[in-house]
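First up is the structure itself, then whatever we jot down about it.
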């Protein structure tokens with residue numbers, strides 16, 4: 001087996017698989033972005049700008065990845081030196097993944113701040129996100145200095161900070177949001193069903209990105225071959241799709257909650273008597289025979305009646321007494 005083939009199998013082979021996954025996930029990103037802009041026309045301008053920036057960043061990342069792999073395998077076909085060296089297009093992968101991950105994680109930090117008001121948790125998310133994101137940019141700078149794929153192991157420290165920081169941030173976000181939801185279960189089966197669906201969304205989004213980041217660092221540290229690129233290239237798209245799927249889930253959860261948690265009729269004194277003071281149910285008793293349950297139908301449920309004034313998460317159903325607030 002020639003040296004060129006060995007180099008390609010060790011570096012460009014895993015990278016090609018990673019780029020394929022990246023492009024496939026970008027297709028999902030296009031679909032989710034289109035769905036968002038057609039389904040949530042009343043969202044505030046800043047939210048639409050945020051989604052647009054995230055989509056453009058993901059698009060640039062996909063374009064740079066395709067340009068890099070095409071240049072190496074097609075434009076430089078038969079050029080062994082091109083297989084061994086990383087150029088500026090390859091560097092953009094690490095830098096843009098760090099930037100996109102911070103963009104998504106800061107968004108979740110903002111949500112945690114609005115929901116829990118816990119400054120310690122928000123600080124932990126922001127700090128770990130900064131460590132991961134800035135280390136990703138640092139990795140890109142390091143790749144530009146080292147250049148050769150065979151010498152990338154010299155960047156173990158900064159790569160470890162990048163991927164471990166991102167994974168820790170994702171776990172903190174997942175645990176914090178899940179814990180907040182579990183604490184505010186209502187005891188009403190239909191409302192709790194909506195909460196369970198939100199919890200499943202949180203866990204699947206958070207753990208998927210964390211698992212890929214951990215797999216990436218393990219593969220990087222375990223071998224000098226570039227198998228870690230299989231997990232590295234899809235990371236940015238996993239973060240983008242995580243944010244978009246959580247935003248778009250409002251459409252389904254709002255419809256489900258409007259059907260399942262809004263009731264009119266006689267109040268069951270026995271059941272209401274067990275409602276915790278300050279809960280949405282107990283506050284609704286002032287409406288006579290009508291019960292109002294406020295539900296945050298994205299990732300958190302406002303089942304304790306805590307007001308959330310952010311207009312971007314509010315959607316009213318015409319002719320209904322239920323106001324859905326999505327996070």
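Since every read-out is calculated from the coordinates, none of them should be taken as a lab result. All figures in this text were calculated on a predicted structure; none of them were measured in a lab. Reconstructed Cβ throughout: ideal geometry from the backbone, glycine too, with neighbour counts over all protein chains shown.
At 7 Å along the Cα-to-beta-carbon direction for both residue 157 and residue 182, put a label point, then send me their distance in nm to one decimal.
With each label placed 7 Å out from Cα toward Cβ, I get 3.8 nm.
Extension gain residue 3-residue 203, at 0.36 nm per residue separation less the Cα-Cα distance, in nm?
Length difference between fully extended and current span is 67.6 nm.
Could you work out how much longer the chain between residue 175 and residue 130 gets when fully extended? Use 0.36 nm per residue separation minus the Cα distance between them, nm to one decimal.
Length difference between fully extended and current span is 14.3 nm.
At q = 0.10, 0.11, 0.15 Å⁻¹, what log₁₀ I(q)/I(0) does a Debye calculation on the Cα points of the range 3-250 give, no solvent, two decimals?
-0.50, -0.60, -1.02
Cβ neighbours within 10 Å, averaged per peptide: list 35-46, 209-220 in order, most packed at the top.
209-220, 35-46
Based on the Cβ-Cβ distance of residue 73 and residue 190, what FRET efficiency does E = 1/(1 + (r/R0)^6) give at R0 = 41 Å, to the nearest 0.05?
It comes to 0.15.
Taking the simple approach of a point 7 Å from Cα along Cα-to-Cβ for both residue 48 and residue 66, what is their distance in nm?
That separation, rounded to one decimal, is 2.7 nm.
Length gain on complete extension for the stretch residue 211 to residue 34, per 0.36 nm per residue less the alpha carbon to alpha carbon distance?
Taking 0.36 nm per residue and subtracting the Cα distance, the gain is 61.0 nm.
Order these peptides, 123-134, 78-89, 53-64, by their mean beta-carbon neighbour count within 10 angstrom, highest first.
My ranking of the peptides, most packed first, is 123-134, 53-64, 78-89.
If I take all pairs of Cα atoms in the range 146-203, what percentage of them are more than 17 Å from each other?
Result for the distance tail: 57 percent.
With N residues in the range 97-153, what two-decimal value do you get for its Cα radius of gyration over 2.2 N^0.38 Å?
Dividing the Cα Rg of the range 97-153 by 2.2 N^0.38 Å gives 1.46.
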